[in-house]
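Accompanying notes for the structure given below.
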Amino acid sequence: MIPKINTLSGYLYEYQKSVTNPEAFWENIAQSFYWRKKWDKVLEWDFVNLDVKWFVNGKLNITENIFEKNLFIFGDKPAIVWEPNNPSEPGVTLTYRQLYEKVCQFANVLVQNGVKKGDRVCIYMPMVPEAAVAMLACARIGAVHSVVFAGFSANSLADRINDAEVRVVLTSDGNFRGPKSIPVKAVVDEALESCPLVDRVIVLKRTSMAVTMKPGRDVWWHDAVRGVPADNKATEMDAEDNLFVLYTSGSTGKPKGVVHTTGGYMVYTAYTFANVFQYDSDDVYFCTADVGWVTGHSYIVYGPLLNGATVVMFEGVPNYPGVDRFWDIIEKHKVTHFYTAPTALRSLMGYGTEPIERHDLRSLKVLGSVGEPINEEAWQWYYTHVGKGNCPIVDTWWQTETGGIMVSPIAGVTPTKPAYATLPLPGVQLMIVDNEGNELKGNNVEGNLCIKFPWPGMLRTTYGDHQRCINTYFATYKGLYFTGDGVKRDADGYYRILGRVDDVINVSGHRLGTAEVENAINSHPLVLESAVVGFPHDVKGQGIYAYVVLDAASKTHDPEKIKDSLLAAVTKVIGPIAKPDKIQVVSGLPKTRSGKIMRRILRKIAEGDATSLGDTSTLLDPGVVQEIIGGALVRVKA
Ligand code: WT7
């Protein structure tokens, strides 16, 4: 059993232990798992060249820790309770034993298709149990999964497939999302036109929409599994063998593949799930994330299943068929733990409390928030109307790179404070620094959030480019992992995350690089250059504001059509999630004499705060700023 904290003094004691002797602390947690061979040493680390190893030379398979270790105890317990997009379609419940059999069978299918330990497999699938089966089947045979959110465009998918040198892709014919059916396979087909390495695509039938199957390359999932035995001996993995790669956006260039390894990630996700949520054996846990994001990896699949939890997996969207869908699911499955994003809460708040009152939510015990800062109003609404004042809210701060939750209340243990992620979990050593890297000690300070000591769930590298990983995370402040977030430590020592301080924006909990969106806009033939910034948005947290300089040839085009084609360009290059909310056509961008775009100024204007632009004396052409302030927005999306 994973050791669980249940009092505040217990937390303080464990935290102290984890800092004074991290190796002993994590060794004790790691003992609760099944290792084929024990580690020789708990930790080796170097934050300058980034070389981190946990449970050195330990051997294991993460799926043996989900299945074999536990089947005698809870083989017949529901592992995944799947709720389809359309509530009139029957759902599916898979017990641990049934899930185990599906995972073993699909592991054999992968082997039959030539997938070997260390090979990368791309998963581009809707929220169906087979997506989890696919991930676990990869883990079973030591293949490295790269799940790509099925809302990304063909271009984005192709980039990710090529970067990870993927040969096998798992997908579906289509995807049901609210009232829509989305052609998933068609996107894969388009992507694969530029992915010469891919020679096998396994296609799950979900919507039964028409698809083209390329002979010799594409096979149906149901044909591939037919007659394949449901037993598979797990492949032995080193603790530091790669478990998965997951692409995420940064402030420069294309998204990078964050690499997580096996042993540390297992220990960290399982420990944080058990403790933060205080999951008990009869509880029902519902996380609304998509498996395409890290929340889906760590807190739909690995963390909960390693704890033998019952997980509700939802295919659809919060407002279909009605805006009470979440509350309906909670009532129907007697959900005890509900984990969602502030943006979903803010969009549902707009419908008032009546949709909630239609449902019996008395099963709820713990509420979670993730992905972006939760504003005080949303926090209060969540607490009062969803939790009826009885359920602690765990505001969990973490990142794709951290693998698991880093700063969060422990449910029912840590006193909460609206909009505060509160305190670091055991093993998490935070440091706040100013822009020069000086530590800001004591309370009542605000600065850049860094982490000064390794934790088992941390990223180990970025796929195919270790130097990029060092430059991105370990070079800004020597010897520290830099999160990219601004933070405040208040008078009580509580942490409040203030949002990104780099050129990353968080739109509805989706992380995007401003440079990435600019590149997409610049792909439009009439665009000379562009600058993208975030601005405060009531529902999305941040919206996307694009300043665009057009070619003279644009004069002969209908401005409305240009705007639509700019949005189409972004949808094509990245996906609909990156579409700007506002586009302003300008004749030039404010630049320094050395040619650097002054984003600070553009951000201020986008925020509607043009009165305090600060020092503009270094600008090449200060007139541009006045023009931008006076200029009309060309497009504001509804
Ligand atoms: C960024 C990481 C964590 C899984 C989903 C997002 C922001 C995340 C919180 C929170 C304030 C948060 C940060 C972080 N963020 N959780 N509870 N409070 N901000 O993972 O896509 O890697 O994004 O999301 O800015 O750096 P991600």
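From the set of residues in the stretch 496-515 that are closer than 20 Å to residue 376 by Cα and more than 16 Å from the chain's Cα centre (by Cα), which is nearest to the ligand (Cβ to nearest atom)?
497
Out of the helices (runs of 4 or more DSSP H) lying entirely within the stretch 534-638, which hold 3 or more residues that are modelled with pLDDT under 90?
Qualifying helices (runs of 4 or more DSSP H): 623-630.
Within the stretch 344-372, count every residue that is outside any helix (DSSP H, G or I), more than 12 Å from the ligand (Cβ to nearest atom) and touching a residue at least 60 places away in the same chain (Cβ under 8 Å).
Selection size over the stretch 344-372: 4.
Could you go through the stretch 112-128 and let me know if any residue there is over 19 Å from residue 167 (Cβ atoms) and assigned to a helix (DSSP H, G or I).
No, the stretch 112-128 contains no residue that is over 19 Å from residue 167 (Cβ atoms) and assigned to a helix (DSSP H, G or I).
Those residues that are touching a Ser or Thr at 6+ places or on another chain (Cβ under 7 Å) and over 19 Å from residue 510 (Cβ atoms), I need them from the stretch 563-600; list them, please.
592, 593, 598
Return the total of residues in the stretch 602-618 being hydrophobic (A, V, I, L, M, F, W, C) and in contact with a helix residue (DSSP H, G or I) (Cβ under 7 Å, 6 or more places away or on another chain).
The qualifying residues number 3.
Scan the stretch 162-179 residue by residue and report those that are in contact with a Leu (Cβ under 8 Å, 6 or more places away or on another chain) and open to solvent by less than 10 Å² (accessible area, probe 1.4 Å).
166, 168, 169, 170, 171, 172, 173
Is it fair to say residue 580 is under 24 Å from residue 293 (Cα atoms) and surrounded by fewer than 18 Cβ atoms within 10 Å (Cβ to Cβ)?
no
Could you please find all residues in the stretch 23-47 being more than 18 Å from residue 426 (Cα to Cα) and surrounded by fewer than 17 Cβ atoms within 10 Å (Cβ to Cβ)?
Residues satisfying the conditions are 34, 36, 37, 38, 40, 41, 44, 45, 46.
Would you point out the residue of the stretch 373-397, among those that are closer than 25 Å to residue 536 by Cβ and open to solvent by 30 Å² or more (accessible area, probe 1.4 Å), that is nearest to the ligand (Cβ to nearest atom)?
Selected residue: 373.
Would you check if residue 506 is polar (S, T, N, Q) and assigned to a loop (DSSP other than H, G, I, E, B)?
Spelling it out, it is not the case that residue 506 is polar (S, T, N, Q) and assigned to a loop (DSSP other than H, G, I, E, B).
Do the conditions hold for residue 370, that is, is it within 22 Å of residue 342 (Cα to Cα) and among the β-branched types (Val, Ile, Thr)?
Spelling it out, residue 370 is indeed within 22 Å of residue 342 (Cα to Cα) and among the β-branched types (Val, Ile, Thr).
Which pairs have Cβ atoms under 8 Å, sit 6 or more apart or on different chains, and link a residue in the stretch 332-343 that is closer than 22 Å to residue 88 by Cα to one that is of a type in the set (Val, Ile, Thr) and at pLDDT 95 or above?
333/81; 333/284; 333/312; 334/284; 335/284; 335/312; 335/329
Okay, residues lined up against (1) farther than 26 Å from residue 142 by Cβ; (2) touching a Phe, Trp or Tyr at 6+ places or on another chain (Cβ under 8 Å); (3) not basic (Lys, Arg):
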residue: 24; (1), (2), (3): yes, no, yes
residue: 33; (1), (2), (3): no, no, yes
residue: 44; (1), (2), (3): no, no, yes
residue: 71; (1), (2), (3): no, yes, yes
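Inside the stretch 175-279, counting only strands (runs of 3 or more DSSP E) that do not spill past its ends, which hold 2 or more residues that are free of Cβ contacts under 8 Å to residues at least 40 places away in the same chain?
Once the strands (runs of 3 or more DSSP E) in the stretch 175-279 are filtered for at least 2 residues that are free of Cβ contacts under 8 Å to residues at least 40 places away in the same chain, what remains is 180-183, 200-204, 218-220.
Kindly indicate the residue of the stretch 354-376 that is of a type in the set (Asp, Glu) and under 24 Å from the mean Cα position of the chain (by Cα) and also farthest from residue 420 (Cα to Cα) among those meeting that condition.
Once the filter is applied, the top-ranked residue is 372.
The values are calculated or read from the model by the stated rules, or taken from the named source; none is laboratory data. A quick note: this is a predicted structure, and the numbers were derived from the prediction, not measured. FYI the Cβ positions are ideal-geometry reconstructions off the backbone, even for glycines, and counts take in every protein chain you see. What goes into the accessible areas is simple: the full protein's heavy atoms, side chains included, and nothing from ligands, DNA or RNA. Shrake-Rupley method; radii C 1.70, N 1.55, O 1.52, S 1.80 Å.
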